[in-house]
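The values are calculated or read from the model by the stated rules, or taken from the named source; none is laboratory data. Predicted model only: the values in this text are computed from it and were never measured. Cβ: placed from backbone, ideal geometry, glycine included. Neighbour counts: every protein chain shown.
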């Protein structure tokens, strides 16, 4: 057991830093949307420095535990494009092609089991977030899986993905949820509201 604890700690640190890097980059892509919602996220405040900070944080995750970091990053990359499979990306190919490339690359670099965990776990986290934001995204016109495929359908998909995550890497799955809670607290604390609660309520009703 003594040999397992350092491995568990490294996996948790890698999950924490890889998750932070993914969250920063995701927020950087959603800067305009977050500002419209009256939220000044950490990515908004970092401005152009967001990218180098994200790379530095991801570098720490890679040094700590490369397999975990790559599974999180490539899994997030693939899952993030599920709602727009036919969209043409800057690479001039449809999103589904990059999804296949990301998953294949993950399998080659970390193995099929860790790759499956990365896709499954990131699906659970991403789709849960979409379900929580379903009403706000519906009002703002933002597209997510819960809106596109339906609440019940996505709930079943989350349960299947969770079973796959637990089957492939039960320890990483447990650590992933702990890291998710920690990161949610950190990013909530560092996010400033630029409108009052009453104004936000009015915007939600609108």
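Taking the listed residues 131, 81, 121, the one that is under 16 Å from the mean Cα position of the chain (by Cα) and more than 21 Å from residue 24 (Cβ to Cβ) is 131, with no other qualifying.
Residue by residue, here is whether (1) in contact (Cβ under 8 Å) with a residue 60 or more places away in the chain; (2) buried (at least 21 other Cβ atoms within 10 Å of the Cβ) holds:
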| residue | (1), (2) |
| --- | --- |
| 31 | no, no |
| 36 | yes, no |
| 54 | no, yes |
| 64 | no, no |
| 76 | no, yes |
| 81 | no, no |
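Of the set (1) under 19 Å from residue 130 (Cβ atoms); (2) at pLDDT 80 or above; (3) touching a helix residue (DSSP H, G or I) at 6+ places or on another chain (Cβ under 7 Å), all apply to residue 20 but (1). Restricting segment 38-52 to residues that are surrounded by fewer than 17 Cβ atoms within 10 Å (Cβ to Cβ) and out of contact with any helix residue (DSSP H, G or I) (no Cβ under 8 Å at 6 or more places or on another chain), the residue that is nearest to residue 187 (Cα to Cα) is 45.
Here residue 107 passes the criteria (1) part of a helix (DSSP H, G or I); (2) modelled with pLDDT under 90 except the one numbered (2). Taking segment 179-193 as the search range and keeping residues that are surrounded by 13 or more Cβ atoms within 10 Å (Cβ to Cβ) and in a helix (DSSP H, G or I), which one is modelled with the lowest pLDDT? Taking the candidates together, the pick is 187. What is the one condition in (1) modelled with pLDDT under 85; (2) in a helix (DSSP H, G or I); (3) out of contact with any helix residue (DSSP H, G or I) (no Cβ under 8 Å at 6 or more places or on another chain); (4) over 27 Å from residue 134 (Cβ atoms) that residue 7 does not satisfy? The number of the failed condition is (1). Taken over segment 128-150, the criterion of being outside any loop (DSSP other than H, G, I, E, B), touching a helix residue (DSSP H, G or I) at 6+ places or on another chain (Cβ under 7 Å) and either at pLDDT 80 or above or crowded, with 16+ Cβ neighbours inside 10 Å (or both) is satisfied by 128, 130, 131, 134, 137, 145, 146, 147.
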